[in-house]
Amino acid sequence: MKHLTKIAATALPIALVASVAQAHTGAAPGGGFVAGLTHPFFGADHLLAMVAVGLWAALLGGRATWLVPATFVGVMAAGGLLAVMAVGMPAVEIIILASVVALGCLVAARIKASLMIAMAVVGAFALFHGHAHGTEMPAGASGLLYSAGFILATAALHALGISFALLTGRIRDGLAIRAAGGAVAAAGVLLLAGI
């Protein structure tokens, strides 16, 4: 629960700044904040991967519970910046879908990686997720507000995964968490098959 407080403490200032900044909008509704906030929720690939990051972080425990999601958020923001700067990246959509399968499998198999490896894994995937967010920024939107929106949404999805893992982790030796990971991986396979 202490780790959820840290995540909430990180996300709250972003939310407050973004809501104050909404009064100074660009052409997009909310200056782009609303578009950024909703973007991760309307893409099954993003939603599943971000919840899986939270699940895996909680399984890893300790400092990983907040450092792994924080790494994802930070690297994702960098990936978004690369897209805004028109720096191309190869196979973005396929790697995003592969991240859903991989992260789901890591959770389902209860893989206990070291903190550095876990941060490297989620960071690599986050770069591509961020690039996709940046590429899909609406014309006329404020990059700052749009970024604040997708960062806040991502942190919320990570917190959802962490909360689920913490609430169900002791039930039948984490069977619910492993089942959730398996469901994420299976959904990722279906998404990949639909390309």
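A few notes on this one:
- Residue match in segment 158-168 (condition: over 15 Å from residue 79 (Cα atoms), assigned to a helix (DSSP H, G or I) and touching a Pro at 6+ places or on another chain (Cβ under 6 Å)): yes
- Hey, residue 110 on the phi > 0 side of the Ramachandran plot, of a type outside the set (Ser, Thr, Tyr) and in contact with a helix residue (DSSP H, G or I) (Cβ under 8 Å, 6 or more places away or on another chain) or not: yes
Table: residues versus (1) in contact with a Lys or Arg (Cβ under 6 Å, 6 or more places away or on another chain); (2) aliphatic (A, V, I, L, M); (3) buried (at least 24 other Cβ atoms within 10 Å of the Cβ).
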{"site": "35", "(1), (2), (3)": "no, yes, no"}
{"site": "42", "(1), (2), (3)": "no, no, no"}
{"site": "69", "(1), (2), (3)": "no, no, yes"}
{"site": "89", "(1), (2), (3)": "no, yes, no"}
{"site": "92", "(1), (2), (3)": "no, yes, no"}
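- Scope segment 133-156; condition in a helix (DSSP H, G or I) and over 10 Å from the mean Cα position of the chain (by Cα); matching residues: 133, 134, 135, 143, 144, 145, 146, 147, 148, 149
- Condition broken by residue 172, with the remaining ones in (1) in a helix (DSSP H, G or I); (2) farther than 19 Å from residue 65 by Cβ; (3) in contact with a helix residue (DSSP H, G or I) (Cβ under 6 Å, 6 or more places away or on another chain) satisfied: (3)
- Test: residue in segment 84-98 that is under 19 Å from residue 142 (Cβ atoms), under 18 Å from the mean Cα position of the chain (by Cα) and at pLDDT below 95: no
- Residue 77, sole failed condition from (1) outside any helix (DSSP H, G or I); (2) in contact (Cβ under 8 Å) with a residue 24 or more places away in the chain: (1)
- Screening residue 116 with (1) among the hydrophobic types (A, V, I, L, M, F, W, C); (2) over 24 Å from residue 91 (Cβ atoms); (3) outside any helix (DSSP H, G or I); (4) modelled with pLDDT of 95 or more gives one miss only, at (3).
Per-residue answers, yes or no, for (1) touching a residue at least 24 places away in the same chain (Cβ under 8 Å); (2) surrounded by fewer than 24 Cβ atoms within 10 Å (Cβ to Cβ); (3) of a type in the set (A, V, I, L, M):
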residue: 56; (1), (2), (3): yes, no, no
residue: 83; (1), (2), (3): yes, yes, yes
residue: 101; (1), (2), (3): yes, yes, yes
residue: 106; (1), (2), (3): yes, no, yes
residue: 109; (1), (2), (3): yes, yes, yes
residue: 112; (1), (2), (3): yes, yes, no
residue: 117; (1), (2), (3): no, yes, yes
residue: 131; (1), (2), (3): yes, no, no
residue: 136; (1), (2), (3): yes, yes, no
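- Among the candidates 123, 104, 130, residue that is within 11 Å of the chain's Cα centre (by Cα), under 13 Å from residue 50 (Cβ atoms) and in a helix (DSSP H, G or I): 130
The values are calculated or read from the model by the stated rules, or taken from the named source; none is laboratory data. The structure presented is a predicted model; accordingly, all values stated were derived computationally and were not measured. Using ideal geometry, Cβ is built from the backbone for each residue, glycine included, and neighbour counts are taken over all protein chains shown.
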